[in-house]
Amino acid sequence: MKEYRLGIYEKAMPEGLSWEEKLRAGREAGFDALEMSIDETDGRLARLEWDSGERRRLMRLSREMELPINTMCLSGHRKYPLGSAVKETEARGMEIMRKALQLAYDMGIRIIQLAGYDVYYGEETTPGTRERFLQNLYKSVKMASSCGVILALETMENSFLNTVEKAMYYVETIQSPYLQVYPDVGNITNAVEDVGKDLRRGKGHIAAAHLKETVPGVYRNLKFGEGRVDFALVGQVLRSMDVSMFTAEFWYDGSAGWKETLRESGSYLRKYLP
């Protein structure tokens with residue numbers, strides 16, 4: 001049994017790769033797992049419609065390749081947020097939630113990282129969107145409990161839910177073992193001065209963590225070591241709270257040397273995970 005597991009974000013690799021190629025590349029780069037992306041694009045949302053055979057084949061392949069798919073990054077709610085005042089958008093968001101939980105259940109995915117947005121494109125946060133998000137989160141957690149799948153709130157880049165402190169409001173309000181926190185340490189670094197203090201606010205409720213590099217105003221497409229995230233501090237604090245599941249979150253930049261970037265990123269992060 002490993003002391004911790006470091007997964008690789010699916011989008012760190014070229015989109016056109018087959019699942020076998022992605023799993024092989026992640027394993028050869030030294031990662032312990034792969035995090036599946038269900039984002040707002042039609043192609044990735046279509047994964048929610050896979051039949052049982054497609055689900056079984058990928059689950060079997062991941063085991064054969066010795067790189068399990070333990071977590072899902074469900075960012076499709078950016079386009080279809082749970083707090084939307086547009087009834088059709090809200091309904092689509094709940095449909096995505098239901099289908100993502102079924103996919104996770106069928107494939108043995110243990111944690112769904114849930115985007116902490118009440119609204120996103122073109123809508124303003126209001127007391128109504130906040131309450132709608134909370135009520136739909138209640139419903140989602142109830143569905144998750146019947147699947148034995150943990151929903152974990154991601155700390156995002158906007159002010160609605162950019163800290164563990166804010167995520168813990170929902171965890172403490174709903175009070176279910178199936179709602180936890182999945183902090184993005186890059187987003188937190190851009191949101192607060194004392195990152196360690198904010199992370200400790202989630203003690204006992206952090207299911208996993210995204211390790212991502214950032215600078216003020218820039219939330220993606222940076223290589224590890226180019227930003228301002230204090231990974232030594234982050235690693236020490238998270239491991240002291242027995243957090244043992246991590247995902248290296250970065251994006252494929254179109255370069256031919258992406259496999260070397262995978263290896264370098266994994267080696268860089270492992271230096272800070274005691």
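The values are calculated or read from the model by the stated rules, or taken from the named source; none is laboratory data. Small disclaimer: the values here were computed from a predicted structure and weren't measured. Positions of Cβ are backbone-derived with ideal geometry, glycine not excepted, and every protein chain shown enters the neighbour counts. Please note that ligands, DNA and RNA were not included when accessible areas were found on the heavy atoms of the full protein model with its side chains. Shrake-Rupley method; radii C 1.70, N 1.55, O 1.52, S 1.80 Å.
In the stretch 126-196, with Lys and Arg counted as +1 and Asp and Glu as -1 at Cβ, which of these residues, Pro127, Ser159, Ala191, has the Cα nearest the positive end of the dipole, that is, farthest along it? Result: Pro127.
The solvent-accessible area of Phe246, taken with every protein chain present and a 1.4 Å probe, is close to 10 Å².
Each Lys and Arg contributes +1 and each Asp and Glu -1, all at the Cβ; summed about the Cα centre of the stretch 15-155, the dipole is approximately 460 debye. Amide H contacts of Ser75 (H built 1.01 Å from N, in plane; Pro and chain starts excluded): Ile38, Asp39 sit under 5 Å, all sequence-distant by 5 or more or on other chains.
Taking every DSSP helix (H) stretch of at least 4 residues in the chain, weighting each as -39,500 (n - 2.57) and dividing the sum by the residue count yields a mean residue ellipticity at 222 nm of -13000 deg cm²/dmol. Picking from Thr89, Thr214, Thr247, which is most flexible by a Gaussian network model of the chain using Cα springs under 10 Å? Between Thr89, Thr214, Thr247, it is Thr89 that shows the largest mean-square fluctuation. Share of carbon and sulfur in the accessible area of the chain stands at 47%, probe radius 1.4 Å. Highest mobility in the GNM of the chain, judged by mean-square fluctuation with C-alpha springs under 10 Å and restricted to Val185, Val229, Val215, is found for Val215. Ligands, DNA and RNA are left out, and with a 1.4 angstrom probe the accessible area of the chain is 44 Å² per residue. Length gained on full extension, Ser145 to Lys259, computed as 0.36 nm times the residue gap minus the Cα-Cα distance: 37.3 nm. Mind telling me which of Gly76, Gly116, Gly254 comes out most flexible in a GNM of the chain, alpha-carbon contacts under 10 Å? Looking only at Gly76, Gly116, Gly254, the largest GNM fluctuation is found for Gly254.
Counting only Cβ charges, +1 for Lys and Arg and -1 for Asp and Glu, the dipole size of the stretch 157-210 around its Cα centre is about 200 debye.
Scaled to the globular estimate 2.2 N^0.38 Å, the Cα spread of the chain, given as radius of gyration, is 0.94.
The slack in the chain from Trp19 to Ser159, taken as 0.36 nm per residue of separation less the alpha-carbon distance, amounts to 46.9 nm. For the listed residue pairs Lys22/Lys259; Lys99/Lys203; Lys166/Lys197; Lys212/Lys271, the alpha carbons are over 18 angstrom apart in Lys99/Lys203. When +1 charges are put on Lys and Arg Cβ atoms and -1 charges on Asp and Glu Cβ atoms, the dipole computed for the stretch 33-100 relative to its Cα centre reaches about 140 debye.
If R0 equals 41 Å, the separation of the Cβ atoms of Glu95 and Arg270 corresponds to a calculated FRET efficiency of about 0.60. Among the trypsin sites (Lys or Arg not before Pro) within the stretch 217-273, those in coil by DSSP and having at most 13 neighbouring Cβ atoms inside 10 Å are Arg220, Lys223, Arg228, Lys271.
Of the options Met65, Val237, Phe250, report the single residue whose Cα projects farthest towards the positive end of the charge dipole of the chain (beta-carbon charges: Lys, Arg +1; Asp, Glu -1). Value computed over the given set: Met65. Residues Arg55, Arg200, ordered by accessible area of protein heavy atoms at a 1.4 angstrom probe radius and largest first, appear as Arg200, Arg55. Using C-alpha pairs below 8 Å separated by at least 6 residues, the relative contact order for the stretch 29-174 is 23 percent.
Dipole orientation for the stretch 1-108: of the candidates Ser18, His77, Gln102, Gln102 has the Cα lying most toward the positive pole (charges on Cβ; Lys, Arg +1; Asp, Glu -1).
A probe of 1.4 angstrom, applied to the heavy atoms of all protein chains, finds Tyr169 with accessible area near 120 square angstrom.
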